[in-house]
Amino acid sequence: MDDLFPLDGAFERVSVLLPLPLGPYDYKADPGMALGRGAIVEVPLGKRRVVGVVLGPGGAADGEEVAEERLRDVLRRFDVPPLPDSVLDLVEWVAAWTLAAPGQVLRMAISVPAAFDPPAPTVVHTVAPESAWAVNARLTPTRQRVLAALTDGPALEGRDLAREAAVGPGVIKGMIEAGMLARHALPPPPPFETPDPERATIPLTAEQEGAAESLRAAVRDRRFAVTVLDGVTGSGKTEVYFEAIAEALRLGRQALILLPEIALSAEWLDRFAARFGVRPAVWHSDLKPNVRRRTWRAVAEGTARVMVGARSALFLPFTELGLIVVDEEHEAAYKQEDGVAYQARDMAVVRARIEDLPIALVSATPSLETVENVRAGRYRAAHLTARPGLATLPEIGVIDLRKNPPERGRFLAPALVEEVEKTLAEGEQVLLFLNRRGYAPLTLCRGCGHRLECPNCTAWLVEHRLLGRLICHHCGFGGRLPKRCPSCEAEDSFVASGPGVERLAEEVAARFPDARFQVASSDTLTGPDKAANFLRAVRAREVDVIIGTQVVAKGHNFPWLTLVGVVDADLGLAGGDLRASERTYQLLHQVAGRAGRAERPGRVLLQTHVPENPVMQALVAGDRDRFLEQEALMRRQAGMPPFGRLAGIVISAPDAARADAAARAVARAAPRLAGVEVLGPAPAPLALLRGRHRRRLLVKTRRDVNIQRVLRDWLTPIKLENAVRLGVDVDPYSFL
Ligand code: ADP
Ligand code: ZN
C-alpha cells in the first residue's frame, strides 16, 4: 500500500514561510526535491528570489486556496539539513508571544543564507607527471618558477602559487591547460573540534558537587526541567555548570550556553578551553561573515558540539541539543528591544520545553521572575553559599554623601579617597565604578543655562573628551562643542556638569599621581582584542586603578582587586521604571562581587544620597532574600510583573500631530475588559527618538488574562497611515 502515497514528507504543494512580515505562501514543488517540513528553499516573490522554509503541505489552511495553475514553482532546494522542527516550533511560539509576524522571527533563524550552500572545496595544485604534459608544453622561465615553487613545498591554491612563484594568474591557467599542473579538491577545513569532557576536572567542594550532580542528573534524564543555579559571586557556578556540559558531551549531546555579553567574554572562553581542551563555537552579531557561515552550518550538520553565544544563538538549528545554560540570567541584555521584542532567557525556557531538555538559569542575583518561579515550584533551585578556598565575600559599607560630600568639582568623598590610598599603599587594586560613559552627562552654558541637546532625540549630548566630540547615546549624533552658545551667544561659556568615567579619570590622575589607571567602558574596550588586553594588564598588575562602567561589572576574576568604590550608587534608581530597584541591586551586587575574589579580603564602599533606601540597606546587610521579598510584595500589591502582565505600545511618526492623532485613535479602540487596564497615551520619556515623535500606551492585565489575545483583537483591525509605526513590546524592560 505504501507506494500509493507520496514519500513521507515529500509534498508537491508546499507552504513556505519567508523571512518577511508576510505569508506563508503556497508553492508548487517538483516531487524529486523531496520537500519535507524544514527544507530550506529558494522561491520567487514578485520579481525577486527569496529564501524560505517549508512549513508543511500547502493548501487551504485558512480558506482561500490559490488555484493550482497560478502557483509558482519552488526554484531549488538548498543542500543543507532541514531546519529542525524544534526551531520551527520555537519561531511560531516566539511570534505568538511577541505578536511579531512569524516571518520576522524566522529571519533570526535563517540569518546566514550564505551557509545554505555547501562551502566551496579548496582547490590545490601539484606538478603533474610529465607523461600527462601536452606534447607542445613549453617550459618557459616563468613556468619553471611555478614548478620550483611546488617541488620544494606543499600543494598550493592558485592564488598562493602565483604569489609564491611571482607569476600572473594567466601562467597558472596556461600550465593547467597544458597538463603540467594537476588540480585536487580538498574538503573544506575541519569544523570545530569536539571538547573533551574529561580533559581537566577540578575537585569540587561538597556543596559544588551536590549542585553539579543535580545538573548532571537532569542532563541524563533528558526531560524538561529548569534548575536555577543560585550562588554568591565567586562560588564556582561556572565550574559547576561546566560539569553539566561535560555530562551532555559524554552522552553525545550538544550544549548551548547563553552569555549576556559574549564579545567581552575572552576570560570565559579561556576557562572553557582550559577545562575542555578546545574553544567552543561562538555566536554573536560581530562575527566575520565567513566564520558566521561556517558556524551556522557546523551547528546544522552537528559538528559544533558546544556553542556559547549571545541571545540570537537561541535560534540556531541544533539537532542534538542536550542542555541549555543561561548565565547571568537576570541580565536585561537578554531582552531584545528592536525588531522582535523577545526575552531570550524566557524563550530559552520555551525551547527547552519544546525539545524536552534540561535548562539551567545561573545567577548570583536571580531575577524576581525566576525567584517567583522557584517559590511556586515551577523551577527548582541549587544553591552555592560559599566561595571555595580562602576567598570571602566582601564587606559592604556606605558613604552618606549628604554628610560627607566630596569637595566642589570633585566626585570622590574623603572617606573613599582615604581607602583608595590605603589600598594602593598595600600594592592592591581599586575599581572605581561609575556607570556613565564619556566625560560628562550634561554640558550647559554658564551664562544662560542652555543645555546641549540632541536635535533628533529627547536627550542631552554627552561629552566624550577623548574623542573631542559631543555624542547622543541614543542615535549616535555627534558634533563639536560650539564656540558660542546658540541661545545667548556667549563665547566659550560651556561647562561640564556631572561626572562620566573620563572626568573621574582626571580626578584620579590629580589625586593619586603615582597610580597607573585605566578607563574601561564600551568606548575604550572596543572589541575582543582590547578587552583581552585590558584583562591581561589588570591581572599582570600593570593597572592600579580601574575606572569602569558596567562592562567590568561581571564575570571577571581579578585576584589583586580588593577595593570597589561605587561613585554614584543612586544612578540606576532614578526614572522610576518597574525594575529600577531590582536592577540597581543586581548591578551593585555584581560590582561588589569583583572585590576579594582571592585570598585578600575585599571591601566595597557605596557613595549614596539615600543610605536608607532598601537597595543600599540590603547590600550592606547582605540580605538579598529580604530585599526580594519586599520587592515582590510591592509588585504584587501593584499587580506588576511577575504578578500581573504588562505590554508597552509605542506609536511614532515623523511629526507630533500625526503621532498624537494615531495614539488617540489607538486609545479610542482600546478594549474595556475586566482585568485589563490601558494607561495613556502620553508622550514617551524619549518623546523624540531619531527624529520620530513617540507616544506610549501601557497595557496592564491580571496574570490570568491572555494579554496577547487582548492585544491582537484590539490592534489587528486598526489601520494606520504609512508614516506611522506601531510597536508592541510584551513584558517590556524599557519604558523610555
Ligand atoms: P562564579 O561563576 O560563581 O562567579 P567561578 O566559577 O568563576 O564562580 O569561580 C570563582 C573562582 O574560583 C574561579 O577562579 C574558579 O576557578 C575558582 N574555583 C571555583 N571552584 C573551585 C574549586 N572547587 N577549586 C578550586 N578553585 C575553584
Ligand atoms: Zn539622538
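The values are calculated or read from the model by the stated rules, or taken from the named source; none is laboratory data. Since this is a predicted model, take the numbers as computed values, not measurements. A quick note on method: Cβ atoms are made from the backbone with ideal geometry, for glycine too, and the neighbour counts reach across all protein chains shown. What goes into the accessible areas is simple: the full protein's heavy atoms, side chains included, and nothing from ligands, DNA or RNA. Shrake-Rupley method; radii C 1.70, N 1.55, O 1.52, S 1.80 Å.
When you scan the range 462-470, do you find a residue that is closer than 24 Å to P654 by Cα, surrounded by fewer than 16 Cβ atoms within 10 Å (Cβ to Cβ) and not assigned by TED's automatic domain parsing to the domain that holds T549, even just one? Within the range 462-470, not a single residue is closer than 24 Å to P654 by Cα, surrounded by fewer than 16 Cβ atoms within 10 Å (Cβ to Cβ) and not assigned by TED's automatic domain parsing to the domain that holds T549. When the criteria are applied in full, T126 fails the requirement of being under 30 Å from R305 (Cβ atoms) and surrounded by 14 or more Cβ atoms within 10 Å (Cβ to Cβ). Answer yes or no as to whether V676 is open to solvent by less than 40 Å² (accessible area, probe 1.4 Å), on the phi < 0 side of the Ramachandran plot, over 30 Å from the mean Cα position of the chain (by Cα) and free of Cβ contacts under 8 Å to residues at least 40 places away in the same chain. So V676 fits the description; yes. Among the conditions (1) within 16 Å of ligand 1 (Cβ to nearest atom); (2) open to solvent by 30 Å² or more (accessible area, probe 1.4 Å), the only one that V495 does not satisfy is (1). Residue count for the range 344-378 under the criterion of being closer than 12 Å to P642 by Cβ and open to solvent by 10 Å² or more (accessible area, probe 1.4 Å): the result is 9. The number of residues in the range 203-228 being over 27 Å from the mean Cα position of the chain (by Cα) and surrounded by 13 or more Cβ atoms within 10 Å (Cβ to Cβ) comes to 10. M640 is checked against (1) farther than 21 Å from E337 by Cβ; (2) within 27 Å of the chain's Cα centre (by Cα); (3) open to solvent by 40 Å² or more (accessible area, probe 1.4 Å) and fails just one. What number does that condition carry? The single condition M640 does not satisfy is (1). So, L259, is that one open to solvent by 30 Å² or more (accessible area, probe 1.4 Å) and in contact with a strand residue (DSSP E or B) (Cβ under 9 Å, 6 or more places away or on another chain) or not? No; evaluated as a whole, the condition is false for this residue.
Among the residues of the range 436-456, is any in a helix (DSSP H, G or I) and open to solvent by less than 60 Å² (accessible area, probe 1.4 Å)?
No, the conditions are met nowhere in the range 436-456.
Inside the range 172-185, residues that are under 49 Å from the mean Cα position of the chain (by Cα) and open to solvent by less than 80 Å² (accessible area, probe 1.4 Å) make up a count of 6. For the range 448-463, the criterion of being more than 16 Å from ligand 2 (Cβ to nearest atom), closer than 30 Å to I399 by Cα and aromatic (F, W, Y) is met by no residue. Each residue in the range 707-736 was checked for being out of contact with any Lys or Arg (no Cβ under 9 Å at 6 or more places or on another chain), within 23 Å of R672 (Cα to Cα) and assigned to a loop (DSSP other than H, G, I, E, B), and 5 of them qualify. Only strands (runs of 3 or more DSSP E) wholly contained in the range 296-409 count here; list those with 2 or more residues that are closer than 30 Å to A101 by Cβ and not hydroxyl-bearing (S, T, Y). The strands (runs of 3 or more DSSP E) meeting that bar are 306-309, 321-327, 358-363.
How many residues, within the range 524-558, are more than 18 Å from the chain's Cα centre (by Cα), open to solvent by less than 60 Å² (accessible area, probe 1.4 Å) and more than 16 Å from ligand 1 (Cβ to nearest atom)? Qualifying residue count, the range 524-558: 11.
Name the residue that is farthest from the chain's Cα centre (by Cα), counting only residues in the range 262-286 that are at pLDDT 90 or above and either in a loop (DSSP other than H, G, I, E, B) or of a type in the set (S, T, N, Q) (or both). If we take residues in the range 262-286 being at pLDDT 90 or above and either in a loop (DSSP other than H, G, I, E, B) or of a type in the set (S, T, N, Q) (or both), then G277 is farthest from the chain's Cα centre (by Cα). Scan the range 707-721 residue by residue and report those that are under 20 Å from P641 (Cα atoms) and exposed (fewer than 11 other Cβ atoms within 10 Å of the Cβ). Across the range 707-721, the qualifying residue is only R709.
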